[in-house]
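Here the structure is laid out as structure tokens; the discussion comes afterwards.
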Amino acid sequence: MRTSTAARTGQYAALLGYLVFLAFPFLWLISIAFKPPRELASLHPTWIPENPTLDNFRQAFDEQPLLHAGLNSLLAALGAAVIAVLIATPMAYVVARRRGRLAKAATGWVVVSQAFPFVLVIIPLFLVLKNLGLINSVPGLVMVYVVWSLPFALWMLAGYVRAVPRELEEAAAVDGAGRLRTLVSVTAPLLAPGIVATALFAFITAWNEFFFALVLLKTPEKQTLPVILTHFIGAEGVADLGPLAAAAFLATLPSLVVFALIQRRITGGMLAGAVKS
Amino acid sequence: MTRTRILTLFACAVLLLAGCTGGGDGADDGRITLRFLSLAWQDESVKANRELVREWNATHPDVRVEYVQGSWDSVHDQLLTSFEGGEAPDIIHDASDDLADFAYGGYLADLTDLLPARLRSDIPRHSWETVTFGDGVYGVPFLQEPRVLIANATLLKESGVRIPTPEHPWTWAEFRQVTKELSGKGRYGVAWPLKEPVSATLNLSLSTGGRLFHRGDDGKVTVRLEDGDEVVPRTVHDQVGTDRSASPTTLGSGGSDTLPGFFAGKYAMVPLGFSYRQQIEQQAPEGFDWQVLPAPAGADGLAQGVSPQTLSIAEDSPHKKEAAAFVDFLLQPDNMVRLALGDWMLPTGEQALKDPALHTAERSWATGTALAAHLRPAPAQSVRGYAEWKDKVATPALQEYYSGAIGMDELRHRLEEDGNLVLARYQR
């Protein structure tokens with residue numbers, strides 16, 4: 001079916017509108033980050049700062065341990081992503097390939113667990129981690145993030161496993177490969193885009209997470225970026241807007257970079273050339 | 001993927017976790033370590049707090065204080081989980097209106113016998129009332145701020161209206177008249193930022209004898225909107241709806257949101273907290289002339305309600321005496337002044353209030369300091385169920401009244417009938 005020029009123009013316009021809508025908050029954040037206080041309080045704000053300044057960045061770094069917090073965030077997010085994927089991959093294989101009540105129950109539990117609100121689990125979790133001596137430690141936070149992201153990671157990966165043709169595994173079995181060998185040598189490489197996507201999900205979830213980090217991390221040297229960002233907000237919601245925007249802009253960059261680096265792996269042809277038809 | 005690759009990946013994860021492992025809380029060297037959760041957030045205030053902690057640590061080798069940065073935005077949740085998990089900081093910075101639940105819950109230490117006489121006598125009785133729950137004292141009120149009128153001094157002078165002072169403030173009727181005179185040519189006399197209308201209305205209503213909450217002989221509290229409670233809301237309502245001397249668009253705004261319009265001359269005055277001067281000083285255009293005026297006075301003069309910032313000690317702290325000593329150090333008159341200047345607020349201590357730095361005309365410090373004696377506990381501080389009454393009943397009712405959607409009778413009906421049903425549930 002041919003698409004008329006008018007329809008195509010409309011589609012592009014809608015796409016452009018959507019992109020602008022998505023980009024607006026980020027571009028505005030950048031604009032604020034480079035504006036001096038007087039421009040921030042202008043009744044007629046401009047997109048491009050008239051007197052761009054780096055003072056907001058300087059102040060943000062002077063007032064709060066942003067680098068340290070960034071490192072903590074990175075450790076927590078990377079740790080959560082790697083461990084979640086390591087645990088979720090074999091689990092997802094079992095859930096996807098085994099058809100039984102247990103697999104169904106596991107899938108059901110995964111869905112239900114996503115509905116738990118944070119506040120429901122935070123106090124028991126706090127007590128458990130306290131008994132383990134893991135309060136105020138990044139490993140404790142990593143454990144929480146792994147547990148929190150595991151159900152969804154499992155769900156995501158199970159979908160990717162189901163998309164891998166069984167014929168490939170059967171062919172490997174015919175060639176004499178055992179189950180572990182098949183999983184490692186045949187299935188896992190084909191799951192690479194799914195693993196990357198799941199790791200990215202776990203990374204970004206942990207990178208942005210605020211509530212657990214707020215409650216579990218006590219001292220500034222352990223706190224993550226989302227917690228540190230709240231320190232720019234005062235009583236009655238008054239914000240130190242310039243430094244807050246500068247810090248938020250810096251906090252956004254790593255997840256953008258990670259996403260930019262690996263997004264091609266996600267969208268790349270997953271099974272290209274795997275099965276000859 | 002080979003087995004070696006998988007093992008390498010696993011080893012990386014283990015190493016990563018190993019790298020994550022923090023150094024813990026330091027070796028046990030016999031010294032006492034106290035954790036001080038501070039909510040200071042403005043640059044100068046954070047610096048003042050950190051300096052004081054450094055000075056304490058330099059002179060008290062056996063009792064080390066660790067500065068922990070908290071935030072106003074999340075302090076209640078953070079404290080609640082810390083208390084429940086037995087991991088609360090020893091010294092806690094908060095506001096008096098957040099303490100009631102923690103005090104009644106047994107999480108905060110009763111400071112009655114812990115604080116030195118110097119500190120007890122230095123802070124006025126009405127300030128102590130803000131942190132007294134039942135028979136105990138659960139915090140030390142140390143900083144507070146009155147709500148004031150921040151005015152465009154140029155517009156005020158041009159209009160020729162009488163400039164009020166703490167000695168001769170405007171009455172509410174006069175204030176209404178002045179805002180009419182200051183309005184016109186696309187300008188409003190006043191912009192009320194009433195995103196959170198309840199505390200502003202209740203606190204200012206003390207000046208007109210408003211009480212709203214009445215405690216009966218049986219100890220139970222009921223809401224009753226009397227003549228004294230009506231003056232402030234009626235003034236705002238009439239300024240917006242009848243006189244057109246108050247901007248209707250700022251009713252849903254926070255304080256900071258009104259500043260761009262104020263700087264651009266759209267509003268001649270903005271009622272704000274005293275500490276907003278810091279933002280004004282920082283953000284006002286070059287040459288913008290502003291000044292602080294006292295809020296209007298009523299039958300009870302300049303009285304208004306406040307919820308001071310407080311320092312408390314956790315009940316679970318094993319070192320309450322040492323924590324109290326640190327609080328005493330932090331609130332020595334000179335130190336209280338440093339904290340007040342850092343936060344652009346007023347100290348509660350009478351000695352600190354005498355400091356010359358707080359009596360200069362510069363940045364209108366003197367005007368604010370003159371109001372300190374008129375500050376009273378916010379009316380709803382100790383009313384259980386207040387938070388629900390505020391969110392579910394009073395906030396929407398006042399917002400509708402101010403916008404003109406309902407009249408005074410309906411406002412009264414909602415605050416009293418609906419409100420008392422809410423409070424009754426907490427007082428069975």
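The values are calculated or read from the model by the stated rules, or taken from the named source; none is laboratory data. Not measured: the values here are computed from a predicted model. Cβ sites come from the backbone with ideal geometry, for glycine too, and all protein chains shown count toward neighbours.
Couple of notes before you dig in:
- Within the range B:67-112, being farther than 25 Å from residue B:47 by Cβ, of a type in the set (Val, Ile, Thr) and more than 8 Å from chain A (Cβ to nearest Cβ) holds for one residue alone: B:112.
- Residues being part of a helix (DSSP H, G or I) and surrounded by fewer than 21 Cβ atoms within 10 Å (Cβ to Cβ) - total across the range B:373-402: 10
- Pairs meeting the criteria (first residue in the range B:391-406 and at negative phi, second residue outside any helix (DSSP H, G or I) and aliphatic (A, V, I, L, M), beta carbons under 7 Å, at least 6 apart or on different chains) are B:400/B:406; B:402/B:194.
- Boolean, residue A:202 is within 14 Å of chain B (Cβ to nearest Cβ), part of a helix (DSSP H, G or I) and out of contact with any Leu (no Cβ under 6 Å at 6 or more places or on another chain): yes
- Here residue B:348 meets the list (1) surrounded by 20 or more Cβ atoms within 10 Å (Cβ to Cβ); (2) more than 16 Å from the chain's Cα centre (by Cα); (3) not acidic (Asp, Glu) almost entirely, failing just condition (2).
- Every condition in (1) more than 11 Å from every other protein chain (Cβ to nearest Cβ); (2) in a helix (DSSP H, G or I); (3) of a type in the set (Val, Ile, Thr) is met by residue A:119 except one, and the failing one is (1).
- Total residues in the range A:43-62, condition touching a helix residue (DSSP H, G or I) at 6+ places or on another chain (Cβ under 6 Å), within 11 Å of chain B (Cβ to nearest Cβ) and in a helix (DSSP H, G or I): 2
- Restricting B:131, B:137 to those that are touching a helix residue (DSSP H, G or I) at 6+ places or on another chain (Cβ under 7 Å), without any contact (Cβ under 8 Å) to a residue 40 or more places away in the chain and buried (at least 22 other Cβ atoms within 10 Å of the Cβ) reduces the list to B:137.
- When each of A:246, A:206, A:239 is tested for being surrounded by 15 or more Cβ atoms within 10 Å (Cβ to Cβ), modelled with pLDDT of 75 or more and touching a strand residue (DSSP E or B) at 6+ places or on another chain (Cβ under 6 Å), the lone residue that passes is A:239.
- Qualifying positions in the range B:176-220 - surrounded by fewer than 23 Cβ atoms within 10 Å (Cβ to Cβ), more than 18 Å from residue B:248 (Cβ to Cβ) and not polar (S, T, N, Q): B:181, B:198, B:209, B:211, B:213, B:214, B:215, B:216, B:217, B:218, B:219, B:220
- Unmet requirement for residue A:223, which otherwise passes all of (1) touching a residue at least 60 places away in the same chain (Cβ under 8 Å); (2) within 10 Å of chain B (Cβ to nearest Cβ); (3) in a helix (DSSP H, G or I): (3)
- For the range A:75-90, taking the residues that are surrounded by fewer than 19 Cβ atoms within 10 Å (Cβ to Cβ) and out of contact with any Phe, Trp or Tyr (no Cβ under 8 Å at 6 or more places or on another chain), the one that is modelled with the highest pLDDT is identified as A:87.
- Hey, residue B:205 modelled with pLDDT of 95 or more, part of a helix (DSSP H, G or I) and under 16 Å from residue B:377 (Cβ atoms) or not: yes
- Taking the conditions (1) in a helix (DSSP H, G or I); (2) at pLDDT 80 or above; (3) facing chain A (nearest Cβ under 10 Å) in turn, residue B:41 satisfies each one other than (1).
Condition check ((1) within 12 Å of chain A (Cβ to nearest Cβ); (2) buried (at least 20 other Cβ atoms within 10 Å of the Cβ)) across all residues:
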| position | (1), (2) |
| --- | --- |
| B:230 | no, no |
| B:233 | no, yes |
| B:243 | no, no |
| B:250 | no, yes |
| B:254 | yes, no |
| B:267 | yes, yes |
| B:290 | no, yes |
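- Restricting attention to the range A:122-140 and to residues that are part of a helix (DSSP H, G or I) and more than 17 Å from residue A:213 (Cβ to Cβ), the residue that is nearest to the other protein chains (Cβ to nearest Cβ) turns out to be A:127.
- Evaluated against (1) closer than 30 Å to residue B:112 by Cα; (2) of a type outside the set (Asp, Glu); (3) free of Cβ contacts under 8 Å to residues at least 60 places away in the same chain; (4) out of contact with any strand residue (DSSP E or B) (no Cβ under 9 Å at 6 or more places or on another chain), residue B:283 falls short on exactly one condition, (1).
- Residues in the range A:205-220 that are of a type in the set (Val, Ile, Thr) and either at the interface with chain B (Cβ under 10 Å from one of its Cβ atoms) or closer than 21 Å to residue B:71 by Cα (or both): A:215, A:219.
Matching residues to (1) modelled with pLDDT under 90; (2) of a type outside the set (Lys, Arg):
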site	(1), (2)
A:97	yes, no
A:102	yes, yes
A:111	yes, yes
A:146	no, yes
A:150	yes, yes
A:159	yes, yes
A:165	yes, yes
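- Residue A:167 meets each of the listed conditions (1) within 25 Å of the chain's Cα centre (by Cα); (2) in contact (Cβ under 8 Å) with a residue 60 or more places away in the chain apart from (1).
- Per the conditions (1) under 26 Å from residue B:349 (Cα atoms); (2) surrounded by 20 or more Cβ atoms within 10 Å (Cβ to Cβ); (3) within 14 Å of chain A (Cβ to nearest Cβ), the sole criterion not satisfied by residue B:64 is (2).
- Taken as a whole, the condition of being under 20 Å from residue B:299 (Cβ atoms), within 26 Å of the chain's Cα centre (by Cα), in contact (Cβ under 8 Å) with a residue 40 or more places away in the chain and in a loop (DSSP other than H, G, I, E, B) does not apply to residue B:193.
- Those residues of the range A:145-181 which are within 12 Å of another protein chain (Cβ to nearest Cβ) and under 19 Å from residue A:88 (Cβ atoms), in sequence order: A:145, A:146, A:180
- The lone criterion from (1) under 22 Å from residue B:406 (Cα atoms); (2) part of a loop (DSSP other than H, G, I, E, B) left unmet by residue B:218 is number (1).
- Checked against (1) more than 14 Å from every other protein chain (Cβ to nearest Cβ); (2) under 28 Å from residue B:143 (Cβ atoms), residue B:282 passes all but condition (1).
- A search for C-beta distances below 7 Å between a residue of the range B:220-236 that is on the phi < 0 side of the Ramachandran plot and free of Cβ contacts under 8 Å to residues at least 60 places away in the same chain and any residue that is assigned to a helix (DSSP H, G or I) and of a type in the set (Gly, Ala, Ser), counting only pairs 6+ apart in sequence or on different chains, returns B:229/B:205.
- Selected residue (only one of B:113, B:77, B:94 is of a type in the set (Asp, Glu), surrounded by fewer than 18 Cβ atoms within 10 Å (Cβ to Cβ) and within 16 Å of residue B:140 (Cβ to Cβ)): B:113
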